[in-house]
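Colleague: For reference, the structure I am asking about is given below.
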């Protein structure tokens, strides 16, 4: 679909496509709906929401859309496009329950795994990976039969087509084969090789060279080394990172999507974050789990405010804490970034479920409060807490002294080859986002922390209140992303925020209330309120107690205890299901970001901006991507595997 949309709008302007549509019987609303679909598809890198993992379809008659495509200049010249549309047309419009969300193939859609892969299959391969001290970030998994024996092929993203290993394991054969997405990664390396000569320092040069090695061979160790050089490159003017980074969309929670970004550092805002970093060790002592559960030494990261020039991936976050490799983040360091121009891109629309007074406060201080939340979430949320691990032949803690904070018993730990991702798998992202979110709520209650961000007195109190109001209310609004039929949360951050809403409601004492009511038109509505006078006395202690539980289970690698806790608090009961229906009936369109482009004119780099319209989004993508033949060739191979 990406190739089709790209080519349609490459060979014809939007006005030319519109003229053809109207001439063939479309009306203005139908063509607008098509532009909305095209822009949303491009912005999400697919027909499933990057935030929520649920499907969206064109609000246009299928026959009309087919005729529009077939009448384009590009279809007549490219049989591959014709074949692609014939193959995917029905699936694009399908409302089959199994096609409505991302999940294992028995309940949803994924292309990280072949359709015959089950949870048990991924668990078996994860067990093999653990025995080999391997991780699955840059891989996909496929299952076949060979002479009556099950064969699992792990395909690594790499340019070189080479077999890394082939072994028998618990009655099956496992093959690790490099070469997935080879033509696309070859294009990446062509540009990286040119970039080496523009490196600002030796760390950047070695980082890029390791990226090149990683994409060439599929070696995850090479990408880890690149990340090490990246962490050492403090305070660059231009910040970038690239690779298979975030594992939110893999139903098993271990394989990652490709992502890359380029941004410029906002030096003024970055000063606040550097002050936060300089005080981090002291601030971490305020978290409710004590020194034994905190890292032996806080590895002070580079923490900068960035303005995104371009972000390639299915969605653009407001903040990032990377790299995601446990051993680097725990023992060597990490970076935090706050994406300022993402935070400030706030649509002017009604904020549902709030009183007029709260809505005015929300709109006045949202940007400021969210900057505080992102800073605390990324640095002291994701950057805090110790994992008890076997480090070589030794443990990284004294097991005679460290006690379980709940039971008082000796603690468990992560064995060799075990990581946070491998232990907590599919649950890990939501669990960790919940922990980081809670740290933000908890620490924003301290006046001296708000002072770091430039807020004092009544303004600081209003920013704190707005943060709690926004974040706890988000747990209600996020019910939109709960897939009721599948009884599954489609987005890690949403599940995390809902859990914290439940914790805040359970605190009682009138701290948070959600009242079912009707609006002036007699339609079902909700009234959300939070008592600002009880944030410190009721909200903070409740969140603190829950934070302690989250950290204990994470530190000790106790998936059984952690998953029981999280699933119980994250359950959607009949009352919440009613709220969900009201939330869905009043939901607002999600933001689509219009990204800029850089063009070289007479040896000068110029920033090209596009209109903040659906047409602007489309034009931006068309001009930033060129060849699509390789995409079509790769898709044709995959289409056979996935039964299309």
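Read-outs throughout are calculated quantities, based only on the coordinates presented, and are distinct from any laboratory measurement. Please read these numbers as outputs of a predicted model, since none were measured by experiment. Glycine gets a Cβ as well: all are built from the backbone with ideal geometry, and neighbour counts include every protein chain shown.
Colleague: In vacuum, with every alpha carbon of the range 354-404 counted as one equal point scatterer, what does the Debye formula give for log10 I(q)/I(0) at q = 0.32 Å⁻¹? Two decimals, please.
Modeller: -1.08
Colleague: Tally the DSSP beta bridges in the range 279-401 and give the antiparallel ones as a percent, rounded to 5.
Modeller: Values: 6 of 11 bridges.
If I count the DSSP bridges inside the range 279-401, around 55 percent turn out antiparallel.
Colleague: Separate question: Going by average Cβ neighbours within 10 Å, how do the peptides 333-345, 76-88 rank, with the highest at the top?
Modeller: Result, highest mean Cβ count within 10 Å first: 333-345, 76-88.
Colleague: Further question on the same structure: If I model a spin label at residue 19 and residue 94 as a point 7 Å from the Cα along the Cα→Cβ vector, what separation in nanometres do I get?
Modeller: Going from the residue 19 label point to the residue 94 one covers 3.8 nm.
Colleague: Be a star and scan the range 217-261 for residues whose amide nitrogen sits under 13 Å from the point 7 Å along the Cα-to-Cβ vector of residue 133.
Modeller: 221
Colleague: Let me ask another. Please work out whether the range 328-472 counts as rounded, prolate or oblate from its C-alpha gyration tensor, where a ≥ b ≥ c are the square roots of the eigenvalues and a/c under 1.5 means rounded, while otherwise a/b larger than b/c means prolate and anything else oblate? Before the final figure, lay out each step's value.
Modeller: Values: a/c = 2.45, a/b = 2.25, b/c = 1.09.
Prolate.
Colleague: How much of the DSSP bridge set in the chain is antiparallel, in percent, rounded to the nearest 5?
Modeller: In the chain, approximately 75 percent of DSSP beta bridges are antiparallel ones.
Colleague: With each pseudo-label sitting 7 Å past Cα toward Cβ, what's the residue 77-residue 486 distance in nm, one decimal?
Modeller: 3.9 nm
Colleague: Could you work out how far apart the two model spin labels at residue 194 and residue 56 are, taking each label as a point 7 Å from the Cα in the direction of the beta carbon, and quote it in nm?
Modeller: Between residue 194 and residue 56, the simple spin-label model gives 3.2 nm.
Colleague: Quick check for you: which residues of the range 579-609 have the amide N under 13 Å from the point 7 Å beyond the Cα of residue 523 toward its beta carbon?
Modeller: Within reach of a label on residue 523, which here means backbone N under 13 Å from a point 7 Å along Cα→Cβ, the range 579-609 contributes 582-589.
Colleague: Under the classification rounded if a/c is under 1.5, otherwise prolate if a/b is larger than b/c and oblate if not, where does the chain fall, given a ≥ b ≥ c as square roots of the Cα gyration tensor eigenvalues? Show your work: numbers first, answer last.
Modeller: Values: a/c = 1.42, a/b = 1.16, b/c = 1.23.
Rounded.
Colleague: With just the Cα atoms defining each centre, how far is the range 580-599 from the range 87-119? Give it in Å.
Modeller: What the calculation gives is 24 Å, centre to centre.
Colleague: So what's the back-of-envelope 222 nm ellipticity for the chain, counting only DSSP H runs of four-plus at -39500 (n - 2.57) apiece and dividing by all residues, rounded to 500?
Modeller: -14500 deg cm²/dmol
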